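The numbers here are math on the coordinates, done by the rules we state, and not lab data. All values derive from a computational prediction rather than experimental measurement. Don't worry about glycine lacking a Cβ; one is built from the backbone with ideal geometry, like all the others, and counts go over all protein chains shown.
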Amino acid sequence: MAFIHYADVFIQGYRPVVIARKGLGLHNLLEMADKRGKGIIYVEENCYGPYGPMAEQPGW
């Protein structure tokens, strides 16, 4: 049985500034996926949501 990979999945829970500093931000991963000829599913989990006064705070 052959498996065909159409997309890679990346799930992260870091704050946006931290993950970008590590070279794994959305734009970095889009470039990597394009070079590999695959799609990517990029999921961000955040305790306080992406906007608002607590968005940059760590938390689970």
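In the range 5-47, which residues have a backbone nitrogen under 18 Å from the label point lying 7 Å from TRP60's Cα in the Cα-to-Cβ direction? Answer for this model: 11-16, 19, 44-47.
Among the trypsin sites (Lys or Arg not before Pro) in the chain, those located in a DSSP loop and surrounded by at most 13 other Cβ atoms within 10 Å of their own Cβ are LYS22, LYS38. Note on the chain: helix-only mean residue ellipticity at 222 nm, from DSSP H runs of 4+ residues weighted -39500 (n - 2.57) and normalised by residue number, equals -8000 deg cm²/dmol.
The modelled label-to-label distance for the pair PHE10/GLU45, using points 7 Å beyond Cα in the direction of Cβ, is 1.7 nm. Summarise the long-distance tail of P(r) for the chain by giving the % of C-alpha pairs beyond 14 Å. Within the chain, distances greater than 14 Å cover 60 percent of Cα pairs. Taking Cβ atoms as reference points and 10 Å as the exclusive limit, the residues near ASP8 contribute a net charge of +2, counting Lys and Arg as +1 and Asp and Glu as -1. Considering only DSSP states other than H, G, I, E and B, which GluC sites (Glu not before Pro) in the chain qualify as loop sites with at most 10 other Cβ atoms within 10 Å? Sparse-neighbourhood loop GluC sites (Glu not before Pro): GLU45.
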